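Okay, so here's the structure we're looking at.
None of the figures in this text is laboratory data; all of them are computed from the coordinates on show. All values reported here derive from a predicted model rather than from experimental measurement. Heads up, the Cβs are rebuilt from the backbone with ideal geometry, glycines too, and the neighbour counts pull from every protein chain shown.
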Amino acid sequence: MAGDSWLSDYDFCSNMGQDIMEKINERDKHARTSSAYTKLSAQIRTKSKQFNSDLNRLKQNLMRASASYHITQREVERRQRMMDALITKEKQIDSALKNEGQSRTNQPLVPL
């Protein structure tokens, strides 16, 4: 069933976003010049690209399911709210990556 596939893809994407945020928090515990910081930054960038790609695929699959009436309007709205949470997480990740070179506070990102 297509709906089950979307939900499992969503869970995978959500878990990946959480993993990225945890790596960002772990990275920020290290000095910017350390090898651990550099290694974690590379992992974060790679995973972030995959996360963005997976998120776009989820959006497209939701639009297709909605347009072909494979799911109800109420389910479309529920899934859109789920997507909104992932989009917020994506913005947090992108912001953390853009601010990588700037001074950072010691407050970790808050997971959704």
query: Using Cα atoms only, what is the angle between the long axis of helix 2-27 and the major principal axis of the chain, expressed in degrees (0 to 90) to the nearest 10?
result: 10 degrees
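For Ala67 and Glu100 in one chain, what is 0.36 nm times their gap in residues minus the Cα-Cα distance, to one decimal in nm?
7.9 nm
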message: So if I place +1 on the C-beta of Lys and Arg and -1 on the C-beta of Asp and Glu, and nothing else carries charge, what would the dipole magnitude of region 2-98 be about its Cα centre? I want it in debye, nearest 20.
response: 380 debye
On Cα atoms only, tilt of 73-98 relative to the major axis of the chain in degrees: 20 degrees
Dipole of the chain [Lys/Arg +1, Asp/Glu -1 at C-beta], most positive-end residue of Thr72, Ile24, Tyr10: Ile24
message: Would you work out the Kirkwood radius for the chain? I mean one over the mean of 1/r across all pairs of different Cα atoms, in Å.
response: 15.1 Å
